[in-house]
Each structure stands twice: as C-alpha cells, then as structure tokens.
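Each remark here refers to the structure printed beneath this line.
The values are calculated or read from the model by the stated rules, or taken from the named source; none is laboratory data. Note that the structure is a prediction, hence the values are computed from the model and not measured. Here Cβ is always computed from backbone atoms with ideal geometry, including for glycine, and neighbour counts include all displayed protein chains.
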Amino acid sequence: MKTEIISSGFGGQGALTIGKFLAKAGMGDGLNVSWLPSYGPEMRGGTANVSVVIADRAIASPLVSYPDILIALNQPSIDKFGSDIKEKGLLIYNTDMCPHGTKRKDIDVIEAPMNSIAREIGSMKVLNMVAIGIVIGKTGLVKYETLENDLTGFLQKKNPDLLELNLIAIKKGIEIGKK
Amino acid sequence: MAEKILMKGNEAVAEAAIRAGCRLYFAYPITPQSELIEYMAKMMPKVDGVFVQAESEVAAINMVYGASGTGRRVMTSSSSPGISLKMEGISYIAGANLPAVIVNVQRGGPGLGDIQPAQGDYFQATKGGGHGDYRLIVLAPSTVQEFADMADLAFDLADKYRNPVMILSDGLLGQMMEPVEFKPSKTKEEMEALDKQHYDWCMYPNEDEPNHHHHEINSLEIDPLILEQHVIKLGKKYDKIEKNEIRYEEYNISDENEVVVVAFGTAARIAKSAIDQLQEEGTSIGMIRPITVWPYPYEAISNVLHEKVRKVVVCELNLGQMVEDVKLAVNGKLPVEFLGKVGGILFTPDEIKAKILGTEGE
C-alpha cells in the first residue's frame, strides 16, 4: 500500500499541519512516511502546500506529482493540483473557500464547509482538523487513536481547551467522511 | 530499538552531530539550511557546547579551523553560496591536516541562484573548490535517516584521517521530515577517549598527560623541499582513503538489468521510483547509488555492466557533473546518457522512465 497526498491552502489555514499530523500518525501506526513542504516564495493569496507519502514499504520519491488524495483548503489549490489527482482519486475541499469547485467527474469528491464547521465548533484554528477527520472517515488511512494520542502529547499542556476543540473537529470530519 | 522521531533533515543532522560529540559549531544562516543553525543555537548551550553565529561564512570556517586545532569535534554548515565563501578555509584545514565536518544543504546556483534543491556543487565538493592538492571526503545522503547517520560517520572519518569531511545534501533532504532513529549520545568517558586520541597532534594536549607537548598547526611551508614532502604525504593519505572508504548502494542490480542508472542523493530517490515502476511493468533496471562521491565507486559501476546491459543513464540535478566520473568508470564500453534538471526543479519518475526507455519527447 502507498498513498500519496497533497495538502494545500492559504498560509495560516493549516495545510502543512494537516500533512504533519497525517505523517506522524502514519509513523505511529508503523508505516513509512515522508513530509515535503513547498518552501519557496509564494504569492500572497497563493498556496502553501505539502507532499505526504504514507506507505508500508520504503518511500522512494517523496515528491508527489499525482496525488491519490488532494486536500484543498482554498480555490487556488484546486486550480493548481486538481488536474493532477489520479483517476478514481479523492478530492476533499473546503466549500467556503472554493467557489468554483472542480469539473472532474472521474474522481471521488467530498465537499465540506470547513470554515463554517470550525466557526461553529468555536475556533477557526481547527478548520484543518475537519479535513484530517474526513481523510480518516473516508479512507481509514491512519488510526484515529494514534492521531488523538499525538495531538494530546502536543497540546494537552500548552492548550487543553484547544485540544478539546481539535478532537471535536476531527470527529465531525470523520462523520462527514463516512457518509 | 530507539524511538522514531519525525524530523527535518536539517534538525536531524544537527541532533546526530551533538550525539556524536560535536560541541563546537560556527555558522552563518542561509536558506534552505537555517533550521540546522537554529537547532544548534537552541541545543549547544544545553550540552555545554559552543555556538557562534559568525559575522560571515568566511569567519565561521576560520573559527572551525582554529577550534579544530584543539582536537575537539567541530562542525559548520551552509548552503551553496555560503559554501563557496568557505572554500579558502577548507583548503587551509585540509592543508593543516585537521578534522572538521562541513554540511552543504545545496540550492540552485550559480551565484545566489535560488533556494530550491539542486546538486550543482558536485564538482566543487569532489574536485576541489579551494586551491591546491587536497581532497575532501564527501558523503551524499538520500534519506533523512542517512543524513543523520552521516554526522556520526563524518566525524569518525574526519578523526581517522585528520581530514575535512563534507556531507553533500540538498534543500529537499534539509526541509523534508521523515522518521529518524538516533544512536545514543557519547558518554563522558567516550568523549574523553576521543580527546586522548588527538593528543599526539592537537595544539595544547592535557598538561597532566605524560609526554605532553604543544604542537604547531600551520598550512604555510615556505621551503619547497619540505612542502613537497608534506604534499606527498597528503597524497598517500588520499590513496588510503580511496582504498578503504568507498561506499555505495546497489539497488535492484541483477543479471537481468537492461539499463544501469547511476544517481546520488535526492536524484537517486526519484530514480528508485522510476525503477520500481519499470520493474512492475517487466523491465529490469539496476542502480548504483554512490554514498561517497569522493572517493568514487568507479569499480562498483564497471562491475555491474553485465551482458544484457545496453546503456548507462546518469540522473543529476545539474547540467552534468558526476556523469564525467561515470564515463571514467564505464570507460567507453557502453553509451552513457544523461538526464539533468537545473534551477532547483526536480525531475519526475516519469521523466526518468522516459530517459531509460528512450521514449522522451513522445
């Protein structure tokens, strides 16, 4: 098994963090992982993106050209990577920030108003965790328990309230992913 | 087994260097290497080490030169334009027979270039860069784990031969996160034992030791007859390194190989993806990945050119540098083709596949 993911959005939306926690959870589940960020100068309003590979064998190239899964938090991300998604691949996108969506018919598409969901939960910071939840709910790529464990280690001391909101967001995402 | 940590290459090599006993680090920040200096700034005070952000790369390498004379493990790091600035100092360190570790997280050049991954410093690292007859041992990692492991290896080789060692990485390996396992830190006893190994040449050996005396460290020798002997001795050291320290990886090598690929570092990783895909499609391709790019594994390449091999393909993130060494290894027996990408752009596995199959442009 090998799953290649691109996670992409405006700077600050948490696209790189999505990649980091997916990779960390994959590692916790005993899989091989790689996390490769774009670190060049990006235009304001463009995309910050990361390539993540999760596999049960050694990972050769960490650069994802044709993702199995694209997580798009804004429209420029779909515009930039949407056409590269593998046939029968998966596009997860944030309808609040992607007014034009995608025209592709040969892929699975899951839409979610991630800004609205995060606002309802109580913090815009957890928008990206909704997306992670959807990945888990739809594909079971990494285990929820591993992710919860990682997040707890990361946030429990620093900000226990935010940890709680993160977990709510992930669970909400899982629900959407399972539909 | 040690715990696996998800870490950037830049941070992993810094942590591994500290565990290997490095307590002296001098550098100047530059992208895409800055997490390395940042990590050292944070961690060195915690291990009673010395961290100096020098006023320039030239200053940093000269601090390395001076500090190395004390017989302690010393490191500096930079990215391509900064490494160019260090070249004078590197030649002095080599001339003075001193150990030191230099990390180059390569970016696009020439000049200031850009900040994306590249392999354009191959010639500089392996054929000189500084002046005079000297050699660097050059290690080329292709994963974050290997990048970290090479810190330990680099210090050991530097000490063993009293020679500067360069880890030739790139922006991708520096910025990427992968799981890493670290060796345990050197104990106090092990650190003291390392110190003692250097008493026969370092500037001020421990005065409590019997037979201690101070040594002069210099790269200037104005008498040609003495310099002649000094350089001949350096040459013998390089011969010994070439005999003992060649390292490489064989990937998918077999009698069935139709093409042999040669690539190092990041380029080799991408080539592996292409080779795996071709294998699934029924075409057998082998690869030699040099781990030391100096000393170079010429024989390892010539030894795998079995009967079925039609050609050799070299993939590099430059205009064609290592390809010259591959041609020396192949020695005219087979065609050697080259695929390069420059400007900090990476090739895709598909492009490498097309080059191997000869279908590029179709």
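Things worth noting here:
- Entirely in the stretch B:4-102, the helices (runs of 4 or more DSSP H) that have 1 or more residues that are more than 30 Å from B:LEU234 (Cα to Cα), touching a residue at least 60 places away in the same chain (Cβ under 8 Å) and in the same structural domain as B:GLU190 (by TED's automatic domain parsing): B:9-19, B:34-43
- Qualifying residues in the stretch B:144-158 (those that are within 13 Å of the chain's Cα centre (by Cα) and within 14 Å of chain A (Cβ to nearest Cβ)) - the one surrounded by the fewest Cβ atoms within 10 Å (Cβ to Cβ): B:GLU146
- Answer residue from the stretch B:159-182, given it is surrounded by fewer than 24 Cβ atoms within 10 Å (Cβ to Cβ) and away from chain A (no Cβ under 14 Å) and is nearest to the chain's Cα centre (by Cα) among those: B:ASN163
- Under the condition of being closer than 21 Å to B:GLN116 by Cβ, in contact with a Ser or Thr (Cβ under 8 Å, 6 or more places away or on another chain) and not in a strand (DSSP E or B), the residues counted in the stretch A:24-46 number 2.
- Within the span defined as the stretch B:193-206, every residue fails to be part of a loop (DSSP other than H, G, I, E, B) and either at pLDDT 95 or above or within 30 Å of A:GLY26 (Cβ to Cβ) (or both).
- Here B:ARG107 meets each of (1) within 15 Å of the chain's Cα centre (by Cα); (2) surrounded by fewer than 23 Cβ atoms within 10 Å (Cβ to Cβ); (3) basic (Lys, Arg) with one exception, condition (2).
- Among the candidates B:ILE275, B:ILE232, B:ILE226, B:ILE270, the residue that is part of a helix (DSSP H, G or I), within 14 Å of another protein chain (Cβ to nearest Cβ) and over 24 Å from the mean Cα position of the chain (by Cα) is uniquely B:ILE275.
- Meets criteria (farther than 25 Å from A:VAL109 by Cβ and more than 9 Å from chain B (Cβ to nearest Cβ)) for A:ASP29: yes
- Checklist (1) farther than 18 Å from A:ILE136 by Cα; (2) within 14 Å of chain B (Cβ to nearest Cβ) applied to A:ASN74, failing item: (2)
- Residue within the stretch B:117-129 that is surrounded by 24 or more Cβ atoms within 10 Å (Cβ to Cβ), of a type outside the set (A, V, I, L, M, F, W, C) and within 14 Å of chain A (Cβ to nearest Cβ) present: yes
- Odd one out for B:ALA125, checked against (1) free of Cβ contacts under 8 Å to residues at least 24 places away in the same chain; (2) part of a helix (DSSP H, G or I); (3) not charged (D, E, K, R): (1)
- Qualifying residue in the stretch A:4-21 (condition: in contact (Cβ under 8 Å) with a residue 40 or more places away in the chain, within 13 Å of chain B (Cβ to nearest Cβ) and touching a Ser or Thr at 6+ places or on another chain (Cβ under 8 Å)): yes
- Which numbered condition A:SER61 fails, given (1) part of a loop (DSSP other than H, G, I, E, B); (2) more than 9 Å from chain B (Cβ to nearest Cβ): (2)
- Residues in the stretch A:42-85 that are among the aromatic types (Phe, Trp, Tyr) and under 22 Å from A:GLN13 (Cβ atoms): 1 in all.
- Residue in the stretch A:32-50 that is surrounded by the most Cβ atoms within 10 Å (Cβ to Cβ), counting only those that are in contact with a helix residue (DSSP H, G or I) (Cβ under 6 Å, 6 or more places away or on another chain) and within 12 Å of chain B (Cβ to nearest Cβ): A:TRP35
- Picking from residues in the stretch B:205-223 that are in contact (Cβ under 8 Å) with a residue 40 or more places away in the chain and surrounded by 13 or more Cβ atoms within 10 Å (Cβ to Cβ), the one that is farthest from the chain's Cα centre (by Cα) is B:PRO205.
- Members of the stretch B:321-344 that are assigned to a loop (DSSP other than H, G, I, E, B) and over 26 Å from B:GLN279 (Cβ atoms): B:GLN321, B:ASN331, B:GLY332, B:VAL342, B:GLY343, B:GLY344
- Conditions (1) within 27 Å of B:ILE115 (Cα to Cα); (2) away from chain A (no Cβ under 14 Å); (3) not charged (D, E, K, R); number of the one not met by B:GLY344: (2)
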